[in-house]
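Please read the structure below before turning to the comments.
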Amino acid sequence: MSKSAVTTEVAKRRTFAIISHPDAGKTTITEKVLLFGNALQKAGTVKGKKSGQHAKSDWMEMEKERGISVTTSVMQFPYAGSLVNLLDTPGHEDFSEDTYRTLTAVDSCLMVIDAAKGVEDRTRKLMEVTRLRDTPIITFMNKLDRDIRDPMELLDEVETELDILCAPITWPIGCGKEFKGVYHIHRDETILYQTGQGHTIQELRVIKGLDNPELDEKVGSDLAAQLRDELELVLGASNEFDHEAFIDGSLTPVFFGTALGNFGVDHMLDGLVSWAPAPQGRETSERKVEASEEKFSGFVFKIQANMDPKHRDRIAFCRIVSGKYEKGMKLHQPRIGKDVRISDALTFLAGDREVLDTAYAGDIIGLHNHGSIQIGDTFTEGEKFRFSGIPNFAPELFKRIRLKDPLKQKQLQKGLIQLSEEGAVQVFRPLINNDLIVGAVGVLQFDVVVARLKAEYNVDALYEHVNVATARWVDCDNERKLDEFRRKADQNLALDGGDNLTYIAPTMVNLSLAQERYPDIVFRTTREH
Ligand code: G4P
C-alpha cells in the first residue's frame, strides 16, 4: 500500500466521544447519530432495551437498574463521505479513570448540554480532562422541545464556567411547544422542525434567507421578528467561528436542537466532519508518531472482560495511531518484547461485532486478550517505542476482599487480576501476607467488582475494613537503594495487578514520613502504563 493511500483513508476519519452530564441526552444523540450513519434502520436500540438478542451479565443488569453506563463501546459509521468513530464514555463519575483513558483515544469531543439546565457538574469535570490535551469541542444544546433557558445566557454560562469561547452556528426559533426550528448562520437558511419524526431522517424544510417573507408565514411573525432581533444581538456580541481557535480548544461551535426529536443532530454532524481534526499523531517514549506514517502503531486504552457472556472473552480496545491494520498481520508488543499474529481483530458497528480485514489510523480495533495485553500497551510493526500519557490513578478507597468459600482463592485472584487489567479496579497484594486489597477511585467500583466476580468467575466475595489510606507507585533509578527500601519498608509494600511495586500507607502522615526517610525513592500518584 502506498503512503498516499494511508493518508487518504486517515483524512476521511473523525474519532470523537460525547461528554455530558447524566440525562443530558448522550444515549439519545448516539442513537440519532447512528441513524444518520445508516447503521440503524430505526433509531432506538442502542441501550438494547427492546432488542434482547444478547444475554446480559449481572453487572449489566446493575448498570440498567442504576441507570448508568459502565461500558465503553465503539461505533463506526459513514457520514457525508467521512468515516466517523464514536467512542462511548461511561457516564458515572465513579468511572472517571476509564473515561479519562477513553478521552486519550479521541481527537475531538461533542459536549451535550441540557438546555433547560445549562452547565452541570459532570460536564465541568470532563471538560477539565479534555483541557489536558486541548481537545477540540463541539457543543450541542439539547432538548429544545422543552422550555429551555435563554440561549444567550446559556452561551454566557459555557464561556464563563468552562472557559471556552462560544460561536453559535445555528440559532433556535422558540422552544418547547413553540419550537419551530433553527436558523443556520453559516448557510443563511432556516430549517423547520417537525414533531413526531424522532425515529426517521426528516424531510428537510428549508427557507432561504433571513428576510424571506416565507419565514414569517411558517414560524409566525412574532417569532420571526424575535429571531431577527436576537440574531442582530448575537452576531454583534458573540464570536465568529474560527477554525484555528476550535482546533486549539479555545472556541466551540454551538448547535441547537432536540435529540429526541432528531432535529439539529445532522447540523452538528456536518460541523464535525468538516471541522473536527482527522486522526492526530501521538507522543511516544522515542518520538512523535504521525497518523499518516505507513507502519501500523496503536495503544490499548481499555480492556473489557466478558462483553459477551457466551464467549467469555476479554477484548482490548486499541486505538490505531498510524498506518493500517491488515488481517493476519504480525504485531510487536514492546512491553513484553513479543510478536503476535492478529487474525481476528474486531470492529464494533452499532454494538455488533464483526471480524474485519482492514482498519486505519483513527479507528479502534478490538483485540482478543488472553492475558498478555494490559491497558496502555503499545503495538507496532517492530519499533520499540511506547505511547505515553495513558495513566492509572492512585486509588483513594481501599478494602480487603475475602472469600465466603476459601477454596476459591485461585479464581478470586484470577478474577481480580483480570478486572484490574481492565481498569475496573486496582488490586494490591502485600509482600508480607496473602491479603488481597482492592483499591478504587469511586465507591461504586466495589459493588461492581463483587457483582462481576459472582457473575463471571462464580466467586462469592465480601469486603472487610483494611487499614490503608493511600497508595503510591514507587520507583528508583538506583537498584541498590530500591532493594534496601524493599527490605526495610516491606511492611508497607505490595504488588499491584501488573506486578508493580506499590507503597500502601496506613495514614497520610506515614506516607510523608516514608517520603522524608527515603528521599531517593520516587512516590507517584499516577502510573503510566
Ligand atoms: P444520557 O445518556 O445522557 O444519560 O441521556 P439519555 O439519552 O438517556 O436521555 C435522558 C432522558 O432525556 C431520556 O428520557 C431521554 O428520552 C430524554 N431526552 C433526550 N433528548 C431529549 C430531547 O431532545 N428532548 C426531550 N424532551 N427529552 C430528551 P427518560 O424518560 O429518562 O428515558 P427514556 O425512557 O425516554 O429512555
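Laboratory data are not the source of any read-out in this text; all were calculated from the coordinates shown. Not measured: the values here are computed from a predicted model. Glycine also receives a Cβ, built like all others from the backbone with ideal geometry; neighbour counts cover every protein chain displayed.
The residues neighbouring VAL84, those whose beta-carbon lies less than 12 Å from its own, together hold a net charge of 0 under the Lys/Arg +1, Asp/Glu -1 convention.
In a fully extended conformation the segment linking ASP499 and ASP188 would gain 106.0 nm over its present Cα-Cα distance, using 0.36 nm per residue. Phi angles of the range 185-201 translate, via the Karplus equation with coefficients 6.51, -1.76, 1.60 and θ = phi - 60°, into HN-Hα couplings of 4, 6, 8, 6, 8, 9, 10, 8, 8, 10, 7, x, 10, x, 9, 10, 7 Hz per residue; Gly and Pro are given as x.
Placing a label point 7 Å from the Cα of LEU462 along the Cα-to-Cβ line, the residues of the range 425-449 whose backbone N sits under 16 Å from it are 447. Principal-axis analysis of the Cα atoms of the chain puts helix 479-488 at an angle of about 70° to the longest axis. Summarising the amide proton neighbourhood of MET111: residues at separation of 5 or more, or on other chains, whose placed amide H is nearer than 5 Å comprise ILE19, ILE138, THR139, PHE140. Each Lys and Arg contributes +1 and each Asp and Glu -1, all at the Cβ; summed about the Cα centre of the chain, the dipole is approximately 2460 debye.
Taking 20 Å as the cut-off, the amide N atoms of the range 185-199 that come nearer than this to a point 7 Å along the Cα-to-beta-carbon line of HIS243 belong to 185-188. Label-to-label distance for LEU403 and LEU132 is 3.6 nm, based on points extended 7 Å past Cα in the beta-carbon direction. Placing unit charges on each Cβ (+1 for Lys and Arg, -1 for Asp and Glu) gives the chain a dipole about its Cα centre, and among ALA359, PRO151, PHE16 the Cα reaching farthest toward its positive end belongs to ALA359. Its Cα centre serving as origin, the range 166-241 has a Cβ charge dipole (Lys and Arg +1, Asp and Glu -1) of approximately 300 debye.
Remark: the ASP490-LEU204 segment gains 96.0 nm on full extension, using 0.36 nm per residue and subtracting the alpha carbon distance. The label-point distance for LYS12 and LYS338, in a model that sets each label 7 Å from Cα toward Cβ, rounds to 3.5 nm.
Helices in the chain, meaning DSSP H runs of at least 4 residues, each add -39500 (n - 2.57). Divided by all residues, the mean residue ellipticity at 222 nm is -8500 deg cm²/dmol.
When the Cα positions of ILE191, ILE173, THR139 are compared along the charge dipole of the range 83-206, ILE191 comes out farthest toward the positive end, with charges on each C-beta of Lys, Arg, Asp and Glu. The angle between the Cα long axis of helix 26-36 and the main principal axis of the chain comes to about 60°, on a 0 to 90 degree scale. Think of the chain as having a plus end and a minus end, set by charges on the Cβ of Lys, Arg, Asp and Glu; of ALA514, ASN392, ALA494, ALA494 sits farthest toward the positive end of this dipole. Between the helical axis of 221-237 and the longest alpha-carbon principal axis of the chain there is an angle of about 50 degrees.
Counting Lys and Arg as +1 and Asp and Glu as -1, what is the net charge of the other residues whose Cβ lies under 12 Å from the Cβ of GLU421? All intermediate terms of the calculation are to be shown ahead of the outcome.
Values: positive: LYS302, ARG314, LYS414; negative: ASP377, GLU422, ASP496, ASP499.
Residues close to GLU421 contribute a combined charge of -1.
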